[in-house]
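The values are calculated or read from the model by the stated rules, or taken from the named source; none is laboratory data. Bear in mind the structure is a predicted one, so any value in this text is a computation, not a measurement. No Cβ is skipped: glycine too gets one built from the backbone with ideal geometry, and neighbour counts run over all protein chains shown. These accessible areas exclude ligands, DNA and RNA; they are computed on the full protein's heavy atoms, side chains included. Shrake-Rupley method; radii C 1.70, N 1.55, O 1.52, S 1.80 Å.
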Amino acid sequence: MTLSAHAFAGLEPQKPDALLALIAQYRADPRADKIDVGVGVYRTETGETPVMRAVKDAEAALLSGQDSKSYLGAEGDQRFAQLIWQLISGKEQLGAHCFGLQTPGGTGALRVGAELLARARPDARVWIGEPTWPNHAPIFREAGLQVRTHAYLDASGGHIDFDAVISALTEAASGDVLLLHGCCHNPTGTQFSGEQWMALSDLCNRRGLVPFIDLAYQGLGDGMDEDAQGARRMLAAVPDALLAYSCDKNFAVYRDRVGALFVQSGTEQSLELARGNALTIARSLWSMPPDHGAAVVRTILDDPALRTVWENELAGMRDRLQAVRQGLAAAHPLLTSVATQRGLFSLLPLSVEAVAAVRRTHGIYMPADGRINLAGLNQANLGRFVPGVLPHLLARDTSIFQSAKSQELSA
Ligand code: LMR
């Protein structure tokens, strides 16, 4: 036996990531009429995920104009962070009580934030409404924090059960963390109303909870400003908060991994402590974030003409998603909530067996929970998708999500 086999022999075998495995399965399927509603990338009416025109133009400008690739530091591109802060907050400058740090994607932001919380509050529990993006809980657990899941959806599976959310959170203790999707919830497409955001911020203040907002789909719901309203309300109402931002979807720079972490704290001293610790965490994780994608986004946002091109492209993406939602919602009464949801995703009322059956029989690819990426649908394939899934639709039984209510997951 080799030395390396000994070195790793004690490791637990790992299941491959289900979503990434689905991408490979879809690629390997030889059927010409297969339909990919799996991984969350935007697709055009003809099924492509193109590089946005504004991104191409910014890349051309960078190629000719960039005069150095020297290191920037663990905080990355600070102008980029400032411009993203403007998109989030609607304010020109990062305030005295907030700092931003460029990260590799929203995942990098979540991970630095999780590590920061683990240093600041090692006993904190992170409360996450289920269902959620499957990577959320692992990110917090890998940082050493305990994760507790709570109820989120109503019995129909199409709407938030806000009373259940609030009642589950009565078990949260001061210092615990509340993970919130800023808009376009993944996987359900649901969103908190303005009133619900206010109630959540009251709850955070009353119970001493720290909100951690994951804002990964700004602009793909109702508009750039509209999709930031919840985060704005929360940030204005609480002293301490974290926000993980992703540009991967709204600038379609997925594989460039473009994101930022923002941390807000009530006093200058605590903010400085948070900044210093976040920088040492980032330094030990990736030393400095990759520059290219953030430089592209900065170039677009700093140039009024490019910015307009990008805003128009993003509006086109948003409008197409809305049109697909309307079309699908009209197909069956059990799908009507799809029209009230936003962003790339909705959760269809399908059993795990039905998801496997539609994959086998019709070449329709979605994760086992029945999440679909609306952008994978178009005029050409909707006529095959709808009859493929309709016979399998069921009145959703949310017990699979709610059984996890308040259940402590092993760390
Ligand atoms: C998704 O949920 O499909 C995307 O956010 C891709 C990913 O990394 O899981």
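Quick notes on this structure:
- Sites D302 and S156, calculated FRET efficiency, Cβ-Cβ separation with R0 56 Å, nearest 0.05: 0.80
- Straight-distance candidates among the aspartates and glutamates for linking to K34, with alpha-carbon spacing under 16 Å and chain neighbours fewer than 8 residues away dropped: E45, E48.
- List E59, E226, E311, ordered by accessible area with a 1.4 Å probe, largest first: E226, E311, E59
- Exposed loop sites are taken as trypsin sites (Lys or Arg not before Pro) in a DSSP loop (any state but H, G, I, E or B) with at most 14 other beta carbon atoms within 10 Å; the longest stretch of the chain without one runs 92-411.
- Under 5 Å between amide hydrogens, built in the peptide plane, is the criterion, and for Q146 it picks out V126 among residues at least 5 positions away or on other chains.
- Partner aspartates and glutamates for K91 [C-alpha distance under 14 Å; skip if fewer than 8 residues away on the same chain]: D225
- DSSP-defined antiparallel bridges as percent of all bridges, the chain, nearest 5: 50
- Under 5 Å from the amide H of T103 lie the amide H atoms of G259, A260, L261, each residue being 5 or more positions distant or on a separate chain, with H modelled from the backbone and absent for Pro and chain starts.
- Maximal additional length on extending the K91-E272 stretch stands at 63.1 nm, based on 0.36 nm per residue less the C-alpha distance.
- Straight-line cross-link reach from K56 at under 16 Å between alpha-carbon atoms covers these lysines, not counting any fewer than eight positions away in the same chain: K249.
- Net lengthening on full extension, K69/A24 (0.36 nm per residue, minus Cα-Cα): 12.8 nm
- Rounded accessible area per residue of the chain, 1.4 Å, Å²: 44
- Of the beta bridges in the range 71-302, as assigned by DSSP with both residues counted there, near 45 percent are antiparallel.
- Computed from the Cβ-Cβ distance with R0 of 45 Å, the FRET efficiency linking R283 to H332 stands at 0.30.
- Percent carbon-and-sulfur accessible area, the chain, ignoring ligands, DNA and RNA, probe 1.4 Å: 54
- Remark: C-alpha extents of the chain on the principal axes read 62, 59, 55 Å, sorted largest to smallest.
- The range 71-302 - Debye-derived log10 I(q)/I(0), Cα point model, q = 0.07, 0.09, 0.10, 0.17 Å⁻¹: -0.19, -0.32, -0.40, -1.28
- Computed from phi, the 3J(HN,Hα) profile of the range 218-223 under the Karplus parametrisation 6.51, -1.76, 1.60 (θ = phi - 60°) reads 4, x, 9, x, 10, x Hz, with x in place of Gly and Pro.
- A Förster radius of 56 Å, combined with the Cβ-Cβ distance separating Q322 from A9, puts the computed FRET efficiency at roughly 0.60.
- Two-decimal ratio, the range 176-297, of alpha-carbon radius of gyration to 2.2 N^0.38 Å: 1.11
- Working from label points 7 Å from Cα in the Cα-to-Cβ sense, the A380 to H292 distance is 2.9 nm.
- Segment S174..A356, full-extension length gain: 61.3 nm, with 0.36 nm per residue of separation and the alpha-carbon distance subtracted.
- Estimated 222 nm signal from helices in the chain, with DSSP H stretches of n ≥ 4 weighted -39500 (n - 2.57), rounded to 500: -13500 deg cm²/dmol
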